[in-house]
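Engineer: Dropping a structure here in structure tokens format, bear with me for questions.
The values are calculated or read from the model by the stated rules, or taken from the named source; none is laboratory data. All figures in this text were calculated on a predicted structure; none of them were measured in a lab. All Cβ positions, glycine included, derive from the backbone under ideal geometry; neighbour counts span all protein chains shown. The area values use the complete protein model at the heavy-atom level, side chains included, leaving out ligands, DNA and RNA. Shrake-Rupley method; radii C 1.70, N 1.55, O 1.52, S 1.80 Å.
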Amino acid sequence: MDITTLVGLTAGAIVLSTLILMGGDFRMFYDIHAVIIIFGGSFAATMIRFPLSAILHGMPLGAKFAFTMSRLSARDLVDELARIAEIARKQGPVGLEKVETDEPFLAKGIRYVADGYDLEFIRDNMERDRDNFLMHLNEGSKIYRAIGDCAPAFGMIGTLLGMVQMFSNMSDPSKLGPFMAVALLATLYGAVVANLICLPIADKLHGKLIDEETNRTLIIDGILMIRDSKSPALVREMLLAYLPEKHRNEEGELVPA
């Protein structure tokens, strides 16, 4: 689990709850009209921007990856691929059938090599798989950013509606309070949804998209070199180029040349 996402959302909720309770209770900050204008309006605008299939696929995928992390870091993948290359050199492709890994994309590449698929098939299939996954993850990021962009705008729309209703009923003081609540709470809801939830998640997904692109490209190159019977030392040296300079000299699993 990506603990920073959970900690950030929890900390934000605690801050808001504390401020609310210091001045009253939660009932003061709930209004069904403001909820409808923010969530209904934002969802409607998002449906106009994106196909329904992209929303149904991108939102759950985005939520999943906002709270999870890759099982193996890029440094771990370099060590893992060097280890697999050593097994392939000693035992041949058949020896890879018993290799286990926590990374599904890497496991898929290992299976292709163990089954004896040719180089071009492995490259084309794994690159297509990577590109398709990154496309869906990017869709998720765009959808959350779109909701984050819409929410404050609909908060302003809710504020304007509340103000219009309030000024239209100036002769009845009993109605001024509810309409003013709609005006203020719509802005509050829009700001919270955008700045605490949707925009941070969109930025988190964009960062993870970059990491996943690096990791999956690293895996593809490593698998292709293993399929081409490259030495473990060469596999390691070639893949270290994917790492930042400061991480290349970290001590890892030593693999004989």
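Residue-by-condition table, conditions (1) under 30 Å from residue 144 (Cβ atoms); (2) modelled with pLDDT under 95:
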{"position": "189", "(1), (2)": "yes, yes"}
{"position": "204", "(1), (2)": "yes, yes"}
{"position": "220", "(1), (2)": "yes, no"}
{"position": "233", "(1), (2)": "no, yes"}
{"position": "245", "(1), (2)": "no, yes"}
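Engineer: What pairs come out if I take residues in the range 146-159 that are touching a residue at least 12 places away in the same chain (Cβ under 8 Å) and assigned to a helix (DSSP H, G or I) and pair them with residues that are surrounded by 24 or more Cβ atoms within 10 Å (Cβ to Cβ) and among the aromatic types (Phe, Trp, Tyr) whose C-beta lies under 9 Å away, six or more apart or interchain?
Structural biologist: 151/189; 154/189; 155/189; 158/189
Engineer: When you check residue 17 against the structure, is it of a type in the set (S, T, N, Q) and modelled with pLDDT of 90 or more, yes or no?
Structural biologist: Judged against the criteria, residue 17 is a match.
Engineer: Only one of these conditions is not met by residue 193: (1) surrounded by 15 or more Cβ atoms within 10 Å (Cβ to Cβ); (2) outside any helix (DSSP H, G or I). Which number is it?
Structural biologist: So the condition that residue 193 fails would be (2).
Engineer: How many of the residues making up the range 52-63 are out of contact with any Gly (no Cβ under 7 Å at 6 or more places or on another chain) and open to solvent by 20 Å² or more (accessible area, probe 1.4 Å)?
Structural biologist: Adding up the residues that qualify gives 6.
Engineer: Among the listed residues 44, 66, identify the single one that is farther than 30 Å from residue 231 by Cβ and open to solvent by 20 Å² or more (accessible area, probe 1.4 Å).
Structural biologist: From the options 44, 66, the qualifying one is 44.
Engineer: Here is a further query. Take residues that are of a type in the set (Lys, Arg) and within 30 Å of residue 187 (Cβ to Cβ) and tell me which of the helices (runs of 4 or more DSSP H) falling wholly in the range 1-107 contain 1 or more.
Structural biologist: Once the helices (runs of 4 or more DSSP H) in the range 1-107 are filtered for at least 1 residues that are of a type in the set (Lys, Arg) and within 30 Å of residue 187 (Cβ to Cβ), what remains is 41-49.
Engineer: Can you tell me which residue within the range 1-29, out of those that are touching a residue at least 40 places away in the same chain (Cβ under 8 Å) and farther than 17 Å from residue 195 by Cβ, is least open to solvent (accessible area, probe 1.4 Å)?
Structural biologist: Selected residue: 2.
Engineer: Tally time: how many residues in the range 81-96 are open to solvent by less than 30 Å² (accessible area, probe 1.4 Å) and touching a helix residue (DSSP H, G or I) at 6+ places or on another chain (Cβ under 9 Å)?
Structural biologist: Residues in the range 81-96 being open to solvent by less than 30 Å² (accessible area, probe 1.4 Å) and touching a helix residue (DSSP H, G or I) at 6+ places or on another chain (Cβ under 9 Å): 8 in total.
Engineer: Quick one: which of 163, 126, 156, 170 is in contact with a helix residue (DSSP H, G or I) (Cβ under 6 Å, 6 or more places away or on another chain) and surrounded by fewer than 19 Cβ atoms within 10 Å (Cβ to Cβ)?
Structural biologist: Within the list 163, 126, 156, 170, the selection yields 163.
Engineer: Kindly indicate the residue of the range 108-123 that is open to solvent by 50 Å² or more (accessible area, probe 1.4 Å) and among the basic types (Lys, Arg) and also nearest to residue 222 (Cα to Cα) among those meeting that condition.
Structural biologist: 123
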